[in-house]
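Just so you know, all these numbers are worked out from the coordinates, no wet-lab data involved. Note that the structure is a prediction, hence the values are computed from the model and not measured. Quick reminder, even Gly has a Cβ in these numbers, built from the backbone with ideal geometry, and neighbours come from all protein chains shown.
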Amino acid sequence: MKQSPTVLLTGGAGFIGSHIAAELALAGHEPVILDNLCNSKIGVLDRLSSIIGRSLRFIQGDIRDVELVKHTLATHHVQSVIHLAGLKAVGDSVKEPLAYYDNNVVGTLRLLEAMHACNVRSIVFSSSATVYGNPDRLPLRESHPLSTTNPYGQTKLVIEEMLRDLHRSDSRWHICMLRYFNPIGAHASGMIGEDPNGVPTNLMPFVQRVAAGELKELPVWGNDYDTPDGTGVRDYIHVVDLATGHMRAMEKLESMGCEAINLGTGLGSSVLDVVRTFERVNGVRIPLAIKARRPGDVPACYADPSIAFERLGWKTQRTLDDMCRDAWTWQQFSATLGG
Ligand code: UD1
């Protein structure tokens, strides 16, 4: 029997990782999940199994553990790596920069060392549109100058530079750096989705909790931006579209050198667009409280996704209606899970 290609998925138990695991498995790939569960829960694995119809290989561990990663790469005959493991809360990164450099930068360095030792040189890396800093011009193209405003963004930039240097030193590496815009939504089954600890800082998890009555009102961080309705504009992308983008990138790795590719829809939606859509699609009310601008926020940020289409043959298929509907289905399901 022909063996399916095995891919190591670091951070595979998290919000984005679990959706990638589902898409990979449903398409006949063999994901092996490595996750230290610092921001995810073991219970996601059973729900993933229900979606896929079989169980997935899972290793609880840390990417900084070189021996563990080497052992995993060798015993599972891994051919490529999709690397998502890392910390991602901007506010925490300002308070605890060393934890961010350790997990994200040192973690990636250790992972690359282990890959090199095992002759695995194909990697898709989870980067972010945060590397564009305060955009000079929109839509954002991959050639836009790179900068950042916080330690989290800095770790993404440093890792991108490290990967570019690595490829310059050894052209056997195949590297794709995917710059995500704003992933929201959930699997259409409603069985996996975003489950942040504590009070959410990102827009959609906050909207979901207000809709569920767990939080009283949504703070709208500024309505005096130079945007059509004054609120911040972002490029929201359905997490399942994001997942299929990773799969395409992985499938194309062998024909790539070291490339950065935007994953976005190309459409900008304001905070009020998201709220109104969520209310209309789900028949719920989201009370609002207009507040001052949040420090560090940019007025607008959206992708030019044309390189993703040219290089990966990929574009998004799901609308903001889909994102809001699926996020709400997941919110209601997750309320039944407990702990
Ligand atoms: C944020 C991070 C970004 C990171 C991304 C990861 C900041 C400044 N940026 O992006 O670096 O890559 O999360 O997911 O933290 N909003 C409200 N009320 C809320 C929450 C958000 O009005 O309660 C608004 C924001 O002002 C913004 C939009 O909703 O206009 C989206 O915010 P958010 O979901 O936090 O994402 P980003 O700020 O784009």
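The distance from the alpha carbon centre of the stretch 314-328 to that of the stretch 236-273 is 13 Å, rounded to a whole number.
Residues whose amide H lies under 5 Å from that of Gly12, counting only those 5 or more places away or on a different chain, are Leu34; hydrogens are built 1.01 Å from N in the peptide plane. Using every pair of separate Cα atoms, the Kirkwood estimate puts the hydrodynamic radius of the chain at 20.3 angstrom.
What does the charge count near Ser40 come to, summing +1 for each Lys or Arg and -1 for each Asp or Glu among other residues with Cβ under 11 Å from its Cβ? If you can, show how the numbers build up before the last one.
Numbers: positive: Lys41; negative: Asp35, Glu194, Asp195.
Local charge sum for Ser40: -2.
Per the Debye formula with a single identical scatterer at each Cα and no solvent contribution, what log10 I(q)/I(0) holds for the stretch 151-240 at q = 0.12, 0.23 Å⁻¹? Per q value, in the given order, log10 I(q)/I(0) is -0.61, -1.22.
To make sure I understand, if each residue's beta carbon is the centre and we count other beta carbons within 10 Å, what order do Cys38, Cys324, Cys258 fall in, fewest to most? Walk me through the numbers before you get to the answer.
Values: Cys38 14, Cys324 27, Cys258 19.
The order, fewest Cβ neighbours first, is Cys38, Cys258, Cys324.
Protection proxy ranking of 52-62, 105-115, 128-138, 6-16, by the mean of other Cβ atoms within 10 Å over each peptide's residues and highest first, is 6-16, 105-115, 128-138, 52-62. Can you classify the stretch 16-131 as rounded, prolate or oblate using the Cα gyration tensor, where a ≥ b ≥ c are the square roots of its eigenvalues, rounded means a/c under 1.5, and otherwise it's prolate if a/b beats b/c and oblate if not? It comes out oblate by the Cα gyration axes.
In this rough spin-label picture, where each label sits 7 Å from Cα along the Cβ direction, the Val158-His77 distance is 3.8 nm. For Leu263, the residues whose modelled amide H falls within less than 5 Å of its own, excluding neighbours fewer than 5 places apart on the same chain, are Arg179, Tyr180, Phe181. Amide H contacts for Leu218 (H built 1.01 Å from N in the peptide plane; partners 5 or more residues away or on another chain; cut-off under 5 Å): Leu288, Ala289.
Percent relative contact order of the chain, based on C-alpha pairs within less than 8 angstrom and at least six residues apart?
Numbers: 677 pairs, mean separation 62.7, N = 339.
Taking the mean separation of contacting Cα pairs over the length of the chain, I get 19 percent.
Relative to the Cα centre, the charge distribution of the chain, modelled as +1 at Lys and Arg Cβ and -1 at Asp and Glu Cβ, gives a dipole magnitude of about 280 debye. Remark: the stretch 168-180, residue by residue, has Karplus-estimated 3J(HN,Hα) of 4, 7, 7, 6, 6, 6, 10, 10, 10, 9, 9, 9, 7 Hz, where x stands for each Gly or Pro and the curve is 6.51 cos²θ - 1.76 cosθ + 1.60 at θ = phi - 60°.
When the chain is described by a simple charge dipole with +1 on each Lys and Arg Cβ and -1 on each Asp and Glu Cβ, the residue from Leu24, Val207, Leu109 located farthest towards its positive end is Leu24.
Pairs spanning more than 20 Å between alpha-carbon atoms, out of Lys156/Lys291; Lys88/Lys216; Lys95/Lys156; Lys88/Lys252; Lys41/Lys216: Lys156/Lys291; Lys88/Lys216; Lys88/Lys252; Lys41/Lys216. In the chain, what % of DSSP beta bridges are antiparallel (nearest 5)? In the chain, approximately 5 percent of DSSP beta bridges are antiparallel ones. Full extension of the chain between Ser50 and Gln332 gives 99.7 nm of extra length, using 0.36 nm per residue less the Cα-Cα distance.
With respect to the chain, whose longest principal axis is taken over its alpha-carbon atoms, helix 320-334 is tilted by about 80°.
In the chain, the longest principal axis of the Cα atoms and the axis of helix 66-75 are about 70 degrees apart.
Would you mind checking the tilt of helix 15-26 against the longest principal axis of the Cα atoms of the chain, expressed as 0 to 90 degrees and rounded to 10? Its long axis makes an angle of about 60 degrees.
In this label model, Ile42 and Arg280 are separated by 4.5 nm, measuring between points 7 Å along each Cα→Cβ vector.
Quickly estimate the mean residue ellipticity at 222 nm for the chain, helices only: each DSSP H run with n ≥ 4 gives -39500 (n - 2.57), and the total goes over all residues, rounded to 500. Intermediate values should be presented prior to the final figure.
Numbers: 12 runs with 128 residues, N = 339.
Taking each H run of at least 4 residues, the total per residue is -11500 deg cm²/dmol.
Provide the net charge surrounding Thr130, with neighbours chosen by a C-beta distance below 13 Å and charges set as Lys +1, Arg +1, Asp -1, Glu -1.
Once positives and negatives cancel, what remains is +1.
Arranged from fewest to most other beta-carbon atoms within 10 Å of their beta carbon, Thr149, Thr265, Thr329 become Thr149, Thr329, Thr265.
Charges were assigned to the Cβ only: +1 to each Lys and Arg, -1 to each Asp and Glu. The resulting dipole of the stretch 231-316 about its Cα centre is roughly 480 debye. In order along the stretch 147-156, phi translates into HN-Hα couplings of 6, 8, 10, 7, x, 4, x, 4, 5, 5 Hz, rounded to whole numbers, per the Karplus curve 6.51 cos²θ - 1.76 cosθ + 1.60 with θ = phi - 60° and x for Gly and Pro.
How much net charge surrounds Thr277 when only the other residues with a Cβ under 14 Å from the Cβ of Thr277 are counted, with Lys and Arg +1 and Asp and Glu -1? Value of the local net charge: 0.
Given R₀ = 22 Å, what would the calculated FRET efficiency be for Cys118 paired with Leu26, taking r from the Cβ atoms and rounding to 0.05? Display every interim value, and only then the final one.
Details: r = 27 Å, r/R0 = 1.23.
Here the calculated transfer efficiency is 0.25.
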